[in-house]
Every structure is written in structure tokens, then in C-alpha cells.
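The values are calculated or read from the model by the stated rules, or taken from the named source; none is laboratory data. This one's a predicted model, so the numbers in the text were calculated from it and none came from an experiment. Positions of Cβ are backbone-derived with ideal geometry, glycine not excepted, and every protein chain shown enters the neighbour counts.
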Amino acid sequence: MKQRLTEWLEVTKKDILNYHEKQFKQTYRSTISFCRWLESLGLLSKDRRDIIADIGAGMGSNIYYMAKKYPKSFFIGIDINPNLIRAGNKYFKKSGQSNCKLEGGDLYALKRSYIGKFTGIVNYQTLSWLPDYKLPIKKMTELKADWIGITSLFYDGDINCKIVVQDYTAPLLSKPYKEAFYNIYSLRLIQELFKKCGYCKFDYIPFEIDIDLPKPEDEGMRTYTERLANGKRIQISGPLLMNWYFVLARK
């Protein structure tokens, strides 16, 4: 299946910048929890001197958070959207954060100079929004990092779900709706693919958000939480339950 670019490029500059700028002001709880999990596994710390790539970095709010938290490491965010790259690097410079930067790049055609460059690779909230998981994971493993960590929508069972959302509350310039994938992938199949690519150690945990997110008054795919009978929270976006997991593959 051919990758569509309208989800990432065909949006107004104002809309996409507003969405990403909010993440600098308030880091997502999933980002904080993901970094804590990687810390608990010994892969991130304030004393380590690593070079870590964030593929699909957007405007770079996640590497900005990581760069502040792990000042001795260096973080490179790779994204296909030039507007986000310019805006993110401008934000880094203005804030004085020198151990992170954004570079232009396509996940499906990454620079050969990246091979062997990174200790680790992170991929935040991107995999489920691509047409399929196989080629993106293969492309990431080709960079030969020691480990790859992903936050996305997964299912702990032998079922893959291909989901395409047509959101009429977020029209694009060329049509009256934004179309995006919200795919959910089997953890077992993800593990098998990583193993075939040379990453034989595999860990995963579900992400359970620790704050309430209010239900938006307007319609659309904005995420909110509901409480279950056992007190746990589930995240909902529009008509979908969001099965968030953290996964980690190591050589």
C-alpha cells in the first residue's frame, strides 16, 4: 500500500503548528511514562552519552523533553514536514536547548549516513497512522541501532485491525475531510517481525494514563478518558478506543 502524505503535509500551517506547540507547553503523559519505562530498563539516564533518533518527530516536542531530561545525550528528530522542522529548530534555538535538533527525512528513504549512528531509536505515536507496520519497522531496523522503542496502538492477541478514519470536522485544502489510519497491530506479529530483523529481545507494557482528559465539546478525533468499573481509565478518540502500548525491541 502506497503511503499517503496528506495526513502529514496537506494541512494549514496555523493548524499544524498550534497542535504541536501545545506539546512543548505540556508534555504528554505517555511521553513521560515511556521515558520512565526506558529508564527502568537501563536505556536512558542522566549520565549516559547516547545519540538517539526520533523518527516521525513532528515539531520535536518529545526530543525537547528528552534533551532536557538527559543532558549528556544528543537527540535527532527526523520528520518529513519542512514547516515543523523549521519551527522546531527555531524553538530549540530560542530556548537554548543545544543537545537536540530536527532534520528533514522520510522514514521510507532514510539517509545511509544514519546507519550505525544511533544508540537507540524512538517512534512516538506514528506507527498506527501509517499504511502498514512491516516496511516502517524494517526501515528502522536497517539503521542498526541497539534498541528501538515505539508507542502506538497494539493488541495483545492474534488480530490486526486496519482502520481508516474520515474526519469531516478537520477538512483539508483539497477535500472536505481528513483521512487517516488508526491501525491496531498484533503484538505477537510485531515481535516476530523484529526477530526476523535481528532484534530478538522484546518487551511491552500497556500505557494506562494517570490523569483524566475531559471530553471535548466539539466533535472530532480529540482524545478524552472514561473510567472503568475497576477505576482504570480508557482513552477514546471519536468512535475509537485507543489501545496504547509501549514496545521495545533489542538485539
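Would you check if residue 54 is at pLDDT 95 or above, closer than 24 Å to residue 183 by Cα and either of a type in the set (Asp, Glu) or over 18 Å from the mean Cα position of the chain (by Cα) (or both)?
yes
Residue under question is residue 191, and the condition is that it be surrounded by fewer than 13 Cβ atoms within 10 Å (Cβ to Cβ) and not small (Gly, Ala, Ser); does it hold?
Judged against the criteria, residue 191 is not a match.
Name the residue that is farthest from residue 144 (Cα to Cα), counting only residues in region 170-220 that are without any contact (Cβ under 8 Å) to a residue 60 or more places away in the chain, touching a helix residue (DSSP H, G or I) at 6+ places or on another chain (Cβ under 8 Å) and in a helix (DSSP H, G or I).
The residue in question is 190.
Would you check which residues across region 157-188 are surrounded by 14 or more Cβ atoms within 10 Å (Cβ to Cβ), of a type in the set (A, V, I, L, M) and closer than 28 Å to residue 200 by Cβ and list them?
184, 187
Suppose we filter 154, 118, 92 for residues that are in contact (Cβ under 8 Å) with a residue 24 or more places away in the chain, farther than 30 Å from residue 72 by Cβ and crowded, with 19+ Cβ neighbours inside 10 Å; which single one remains?
Among 154, 118, 92, only 154 is in contact (Cβ under 8 Å) with a residue 24 or more places away in the chain, farther than 30 Å from residue 72 by Cβ and crowded, with 19+ Cβ neighbours inside 10 Å.
Part of a helix (DSSP H, G or I), among the aromatic types (Phe, Trp, Tyr), surrounded by fewer than 20 Cβ atoms within 10 Å (Cβ to Cβ) and in contact with a helix residue (DSSP H, G or I) (Cβ under 9 Å, 6 or more places away or on another chain), is that true of residue 108?
So residue 108 fits the description; yes.
Which number in (1) buried (at least 16 other Cβ atoms within 10 Å of the Cβ); (2) touching a helix residue (DSSP H, G or I) at 6+ places or on another chain (Cβ under 7 Å); (3) under 18 Å from residue 189 (Cα atoms) marks the one condition that residue 124 misses?
Just one mismatch for residue 124, condition (3).
Residue by residue, here is whether (1) at pLDDT 95 or above; (2) touching a helix residue (DSSP H, G or I) at 6+ places or on another chain (Cβ under 7 Å); (3) crowded, with 18+ Cβ neighbours inside 10 Å; (4) of a type outside the set (S, T, N, Q) holds:
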{"residue": "15", "(1), (2), (3), (4)": "no, no, no, yes"}
{"residue": "45", "(1), (2), (3), (4)": "yes, yes, no, no"}
{"residue": "58", "(1), (2), (3), (4)": "no, yes, yes, yes"}
{"residue": "67", "(1), (2), (3), (4)": "yes, no, yes, yes"}
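Name the pairs whose Cβ atoms lie under 7 Å apart, with the first residue in region 51-79 and closer than 23 Å to residue 115 by Cα, the second part of a helix (DSSP H, G or I) and β-branched (Val, Ile, Thr), and 6 or more positions between them or separate chains?
54/63; 57/63; 62/31; 75/63; 77/63; 79/85
Taking only region 127-151 into account, find how many residues are in contact (Cβ under 8 Å) with a residue 40 or more places away in the chain, closer than 16 Å to residue 187 by Cα and crowded, with 19+ Cβ neighbours inside 10 Å.
8
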